[in-house]
Amino acid sequence: MNSSVLFLARMLMIEQRYQAIKKSPKYTSEVDQKTTRKKLGNFLKVSYAANSISFAVFSFLLITPYIFTGGDAGRITNIGFIVYIYALIISIYSSALFFNSLGTMNLLGPVSPLPYEGRKKAVMFSWFIYNGSSAIFAVLPAVVWIAWSTGNPAVLFFGIIWGILLIMAGFTIGSLINAFISGNGRGEKAGFMSTMKSTIRVIIILFVFAIFEIGIYLPGLIPNFIPGIAFPLNRFLPLVNIPYVVFLGNQTLHGLVTDAASSILYLAAFSILAVATNSFAVERSVLLGKSEEIFRPEKFVNYRRGSLPASLIMKEVRIVARKSQNVILLFIPVIFVFPTILSVLVYGSEGGIGNLGTYFSLISILVICSSFYSLILMVSEGSGIETLFSLPISVKDIIYSKSAFGLLVFSIIIIPVSLLIIGGNYGTSTYDILVPANLILGFSFSSIFNIRRLLLRLPAESTNVNFYSFGGGLFIAAMFVVTAAIVLIPVILSVLFTIALTGSLQSNPYIFYLLDSSLNFAALLGVIFMTGNTVKT
Amino acid sequence: MEASISVRGLYKKYVDNYALNDLNLDVEPGKIFGVLGPNGSGKTTLLKIISALLERTSGSVSVRGLDPSKHKDQVKKLVGYVPEVPTMYESLSPGEFFSFVATVRNIEESLVEERINSMVRALGISDSIDSFIGSLSFGTRQKVAIIASLLHDPEIIVMDEGMNGLDPRSAKILKELMRSFAERGKTVIFSTHIMDVAESVCDTVAILYKGRIVSTGTMDKLKERSGKSSSNLEEIFLKLTGNEDLDPLIHSLKESFRS
């Protein structure tokens, strides 16, 4: 392996982190440069370890119900399928975001003028070594548990091979998605059409994913369909063959040979695909991704004066929607939480709390969206924050405009999702409207609270804002915890009051919803009062 | 003499606009060639196509007999390119960046050290050699980009606004360096907005406007064509790009603030 390829692979990751922190006041002094250099070196290890642990924990939580309830073929198939799809989705997103960062930060710009073909290899190695390979920890808990419980070491071998295969597939799909959503970029005009084009591209991709995920988790599909596929088709049919090859097939010599053949076939196919798409994606998204200023016929600005709130909200729409990476970030929380919700609906609703169960599982989307959107809406300002702070705009106006845009996106997602899930599983009733209404109220007060908190944390002299401007990963993790706490307080109180008033939560869900609405509304009034008195120093 | 860089009928189209429109030029070896033009006239596009960093739409380009779109790596070996905005890994120090570029370009170790140290001294960036590139001023970063582009002693030097942000001392040193490269038979092509630099350094100048070359030649020839033998390059430039009489525009601008 050429040492310059490995050097560049490491550099591509380090540079992303450096670009994010370089304008933070604490990193700009000469004294801190030495510390920063050391921190940047440790960053890769810490970030890899954090990813691996979180994937393993999530995967372990996913398989826990199966560990305690035993493992027949159908159940093992479910686990196998879910954890591998989870690894695939993680890889797709990390690959798409990685290529996106390469393009937006122009990370291959410095090597473009050099006679250096190693850049393509470096991109692939950079993603795989420092990022993508950690997704293997999403499948390891299931693989280790099944290998141990069945006493079959081949499960471990095939499990890891297929984990790597799906990571490669994720890399391929993610790089292609990025190439598709980033478009060519050359000479495109800023305007309504470019915003629409960018948004439509992203929505198409997310729609395909949503269908894909819903299809995977649809009730009854996995246990009924997959175990019934005949040999040898069940060893070679893409994706559905994974539970057979990894967990169910290799107990006999015949099965072992077939599984090995299937694995070799897919290994060759996915490797060729990954190398080819990497080359294409690097060329398209990275090397040719920068637009040039060119001569255009003279045009004049048509200035129309609008209200301050409307122009602030339009600014939010434009800065977020015109960058594909921002649009994708807005939808990521939903896509990640979707498997959990559907899993709860399919396997977890046996307790019989009806649509309250759905409401409780949808709260996880609320918490993640509220925390994540608050961050994205702040980070999307980038270097524009300096201009924003230099204008005579009150902190209150900034908070409300950002919250309003976040609320708009959240409502578009949550209203159809909650009504479809409730309607599809339990039949509709008048009180179903209270589910999205409560979620929207919860989002409103928690996002205003979060954006206010983030804005106050940002120094007034800031020249840039990014994910690391607010004190790093620990602060962000704390923000998720705080959001969960403030969102759950009205819910817990409503549960307690409903039981105290009626003696049963299940039989009187409408009492619960009405109480929760009242408490959420009170919380909203509280944060509005708090925001009205906010002054940034 | 055979041209070092030869461009014939070059077009470059972005979506619905032409950045370059039937462009023709020849740059001889041992000469310093200046490309002048207002913002958006196509200077960067032209220099990037020559440096094998951008594909053309149609036409032909030859760099020392090589087609940049077919022989990218060979052309990049010949060319030292300084971008308009210095793009480097900001988490590296200048010293680390030079080492990386030298490794990729496979330059002999003894030569590299001597070249780096002499250029670092000449451009006065010795005290920044261990700092993050991201923490350096625009001018210092420009100097780092210039040094990195010259490390392999290129046959062709392409500088896109290479003098931007340089202090007078460094600008003078760079002009002398460019002259010495030309005297050794190498080709220097650069774009600039600074007319004084173009006038004092260039053997030949091309004026680019809306993707076309509106005039090219030595300073004397340009003066001759403009019909004003006593005029300077700025006056010639404004006349050839149709901006000779700016008074009405300036007047209207002043009025818009008064009203």
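So the values come out like this:
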| quantity | calculated |
| --- | --- |
| Residue within the stretch B:8-18 that is away from every other protein chain (no Cβ under 13 Å), closer than 28 Å to B:F138 by Cβ and either modelled with pLDDT of 95 or more or in a strand (DSSP E or B) (or both) present | no |
| Qualifying positions in the stretch B:172-218 - assigned to a helix (DSSP H, G or I), over 13 Å from the mean Cα position of the chain (by Cα) and in contact (Cβ under 8 Å) with a residue 60 or more places away in the chain | B:R179, B:A182, B:E183, B:M195 |
| Residues of the stretch A:141-153 satisfying the condition of being surrounded by 22 or more Cβ atoms within 10 Å (Cβ to Cβ) and not small (G, A, S) | A:P141, A:V143, A:I146 |
| Residue among A:A87, A:A49, A:A9 that is surrounded by fewer than 18 Cβ atoms within 10 Å (Cβ to Cβ) and at pLDDT 85 or above | A:A49 |
| Test: B:A122 is in contact (Cβ under 8 Å) with a residue 40 or more places away in the chain, within 12 Å of chain A (Cβ to nearest Cβ), surrounded by fewer than 23 Cβ atoms within 10 Å (Cβ to Cβ) and more than 15 Å from B:I5 (Cα to Cα) | no |
| B:S93 vs. criteria small (G, A, S), within 12 Å of chain A (Cβ to nearest Cβ) and either under 28 Å from B:S200 (Cα atoms) or in contact with a helix residue (DSSP H, G or I) (Cβ under 8 Å, 6 or more places away or on another chain) (or both) | yes |
| Unique match (being out of contact with any Asp or Glu (no Cβ under 9 Å at 6 or more places or on another chain), away from chain B (no Cβ under 14 Å) and of a type in the set (G, A, S)) among A:G151, A:G109 | A:G151 |
| Of all residues making up the stretch A:487-523, the number that are surrounded by fewer than 19 Cβ atoms within 10 Å (Cβ to Cβ), touching a residue at least 40 places away in the same chain (Cβ under 8 Å), hydrophobic (A, V, I, L, M, F, W, C) and within 17 Å of A:I363 (Cα to Cα) | 3 |
| Number of the condition not met by B:Q142 [criteria: (1) of a type in the set (S, T, N, Q); (2) farther than 17 Å from B:L78 by Cα; (3) out of contact with any Leu (no Cβ under 9 Å at 6 or more places or on another chain)] | (3) |
| Hits in the stretch B:21-76 - residues which are touching a residue at least 60 places away in the same chain (Cβ under 8 Å), in a strand (DSSP E or B) and either crowded, with 24+ Cβ neighbours inside 10 Å or not polar (S, T, N, Q) (or both) | B:D22, B:L23, B:L25, B:V27, B:I32, B:F33, B:G34, B:V35, B:L36, B:V63 |
| Test: A:I211 is among the β-branched types (V, I, T), modelled with pLDDT under 65, surrounded by fewer than 19 Cβ atoms within 10 Å (Cβ to Cβ) and not in a loop (DSSP other than H, G, I, E, B) | yes |
| Candidate set: the stretch A:100-132, residues that are free of Cβ contacts under 8 Å to residues at least 60 places away in the same chain and within 20 Å of the chain's Cα centre (by Cα); chosen: the one surrounded by the fewest Cβ atoms within 10 Å (Cβ to Cβ) | A:F128 |
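Yes/no matrix, rows are residues, columns are (1) touching a His at 6+ places or on another chain (Cβ under 6 Å); (2) at the interface with chain A (Cβ under 7 Å from one of its Cβ atoms); (3) modelled with pLDDT of 90 or more:
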{"position": "B:A52", "(1), (2), (3)": "no, no, yes"}
{"position": "B:S60", "(1), (2), (3)": "no, no, yes"}
{"position": "B:E84", "(1), (2), (3)": "no, no, no"}
{"position": "B:Y89", "(1), (2), (3)": "no, yes, no"}
{"position": "B:F98", "(1), (2), (3)": "no, no, yes"}
{"position": "B:V104", "(1), (2), (3)": "no, yes, no"}
{"position": "B:I107", "(1), (2), (3)": "yes, no, no"}
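The values are calculated or read from the model by the stated rules, or taken from the named source; none is laboratory data. Since this is a predicted model, take the numbers as computed values, not measurements. Please note: Cβ atoms are built from the backbone with ideal geometry, for glycine as well, and neighbour counts cover all protein chains shown.
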